[in-house]
1. Name every residue in the range 173-194 that is touching a residue at least 40 places away in the same chain (Cβ under 8 Å) and surrounded by 12 or more Cβ atoms within 10 Å (Cβ to Cβ), in order of residue number.
2. Identify, please: which residue in the range 110-143 is in contact with an Asp or Glu (Cβ under 9 Å, 6 or more places away or on another chain) and among the charged types (D, E, K, R) and is, among those, nearest to residue 278 (Cα to Cα)?
3. Determine whether residue 201 is modelled with pLDDT under 95, in contact with a helix residue (DSSP H, G or I) (Cβ under 7 Å, 6 or more places away or on another chain) and either open to solvent by less than 20 Å² (accessible area, probe 1.4 Å) or closer than 20 Å to residue 367 by Cα (or both).
4. Across the range 45-81, what is the total count of residues that are touching a helix residue (DSSP H, G or I) at 6+ places or on another chain (Cβ under 9 Å) and within 27 Å of residue 363 (Cβ to Cβ)?
5. Being over 20 Å from the mean Cα position of the chain (by Cα) and either part of a helix (DSSP H, G or I) or under 26 Å from residue 290 (Cα atoms) (or both) narrows it down to one of 105, 89, so name that one.
6. In the list 221, 209, 233, which residue meets the criterion of being open to solvent by less than 50 Å² (accessible area, probe 1.4 Å), modelled with pLDDT of 95 or more and not in a helix (DSSP H, G or I)?
7. Which numbered condition trips up residue 114, out of (1) in a loop (DSSP other than H, G, I, E, B); (2) open to solvent by less than 50 Å² (accessible area, probe 1.4 Å); (3) modelled with pLDDT of 95 or more?
8. For the range 257-277, give me each residue that is open to solvent by 40 Å² or more (accessible area, probe 1.4 Å), assigned to a helix (DSSP H, G or I) and either more than 22 Å from residue 379 (Cβ to Cβ) or of a type outside the set (A, V, I, L, M, F, W, C) (or both).
Amino acid sequence: MSVKAVWFRNDLRIDDHPALAAAAEQPNAKVIALCIISKKQWQEHGVGQNAQALYFSALIHLANDLADLGIELSLLEVDWWRDIPEVIEQWVKQNNVEELHFNIELPLDERRRDKAAYEHLKDLLKVSRHRPDTLSDPWRIENQQGSPFKVFTPYSKRVRSLIEHESLDLSAAPKKKNNPIDINKTLQSIEKLSIGSEVSIPDVSQTYLRKQIKQFFETGLNDYAKYRDFPALDATSSLSPALAVGAISVRRLFKEATEYSTEAFKWTTELIWRDFYRYIMWHFPDIAKGKSFRHEVEQHIQWNQDGEQFKRWCAGETGVPIVDAAMRQLNNTGWMHNRLRMVVASFLTKNLWIDWRQGESYFAEKLFDYDFSSNNGGWQWSASVGTDAAPYFRVFSPVSQAEKFDPDAKFIRTWIKELEGASTKAIHGFEGTDLPGYSSPMVDIKFTRKLAIENFKHAVKAAE
């Protein structure tokens, strides 16, 4: 009996998993699975405790789902990705593996890892790479000049056009085989390596996710565009942690949403944003090296190096209520509302004038739904050094953002206990009001906004 192996990475699911479907295509073949943990590599990449804890939680669910199909999951550990080719070689020899399947990953280090593995193993067995966890293959999409898109809107239109003409092909989960698996060994291996979190880990089991998707489609999808920016409301899907570890397929979500409702456009646009940042990562890999997309502009910027100001931002002690509430939500839950991610990022980079990379790293440390491409792209966008960066004078006013999207200050009061008894008028007028027990704003918002615009104006001119 031939043996085929599937190498799982950030795609911890059995549904719409191209590599798994291909490995299980022949009914008489034995399928086994592999996952390799590299904690030191995670640390080097800045992956925080919450994201790691979520990964191990998802891995437990995957191991059980695979066992139900009659597929055993092996767990191996290496210090660095450079050790992976030889470790896989030993493993495939021990298990008499004839074929190895895995899905393509798009960030730079992952591509280097996979290329090294392919080159090392290709003469030993058949190595097959399958489509990435995206709505479209990034190498297929280009503008009329044959170059990569650099702006989201035309890219988004192109992706929708491809989906409309070609539809989204989904890979079905393999059929169950009569091959009893002792799951205890695998679970013990995961438990030995796993780490916990100080806050509640999101549920990414298939049972929960299907329930969550159904509930969101029925109660939130049609009104998503109307209510999505209000952090005090439960108006988003809460599926970002599952997407981050690949516990659910983005193609599945897009297809089901568009089939469920004609009002799904705004929500599916957010899925395309996720694709866009992965697309940018594929075509412009220098941004995976700590460089900005508009490095010709950023080289003329001198970021503020005030460590105390950064610490106050991290702790949610800036004296700006909407910023502090958002940061405290992040610190206490491992998640932050998307509108507020833009607000706090704008405040850090435009009002405090602190390097966006510091904010990017802090989000990586705290977020359960940490995804390198999306996190990097979002921070560069907010700092006006990434894609869609024009106009450079895009500066979110924390005052108007709070008044518009938290008009009753409900969200602010939820996370800033010092302000529970303060009036809404006083909270929104914090710049000219003494709020007992709460600090004054650490900077003058209007002045620092004007200064940021002037600094960017000079940087853009110097880069021309």
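1. Of everything in the range 173-194, those that are touching a residue at least 40 places away in the same chain (Cβ under 8 Å) and surrounded by 12 or more Cβ atoms within 10 Å (Cβ to Cβ) turn out to be 173, 174, 177, 179, 181, 183, 186, 187, 189, 190, 193, 194.
2. Looking at residues that are in contact with an Asp or Glu (Cβ under 9 Å, 6 or more places away or on another chain) and among the charged types (D, E, K, R), I get 133.
3. On the way: modelled with pLDDT under 95: no; in contact with a helix residue (DSSP H, G or I) (Cβ under 7 Å, 6 or more places away or on another chain): yes; either open to solvent by less than 20 Å² (accessible area, probe 1.4 Å) or closer than 20 Å to residue 367 by Cα (or both): yes.
The answer is no for residue 201.
4. 20
5. 89
6. Details: 209 fails: not in a helix (DSSP H, G or I); 233 fails: open to solvent by less than 50 Å² (accessible area, probe 1.4 Å).
Sole residue among the options that is open to solvent by less than 50 Å² (accessible area, probe 1.4 Å), modelled with pLDDT of 95 or more and not in a helix (DSSP H, G or I): 221.
7. (1)
8. Within the range 257-277, the subset open to solvent by 40 Å² or more (accessible area, probe 1.4 Å) is 258-260, 262-263, 265-266, 270, 273.
Still in the list and also assigned to a helix (DSSP H, G or I): 258-260, 265-266, 270, 273.
Answer for the range 257-277, where residues must be open to solvent by 40 Å² or more (accessible area, probe 1.4 Å), assigned to a helix (DSSP H, G or I) and either more than 22 Å from residue 379 (Cβ to Cβ) or of a type outside the set (A, V, I, L, M, F, W, C) (or both): 258, 259, 260, 265, 266, 270.
The values are calculated or read from the model by the stated rules, or taken from the named source; none is laboratory data. These figures come from a predicted structure and were not determined experimentally. A quick note on method: Cβ atoms are made from the backbone with ideal geometry, for glycine too, and the neighbour counts reach across all protein chains shown. With ligands, DNA and RNA removed, areas are computed over all heavy atoms of the protein, side chains included. Shrake-Rupley method; radii C 1.70, N 1.55, O 1.52, S 1.80 Å.
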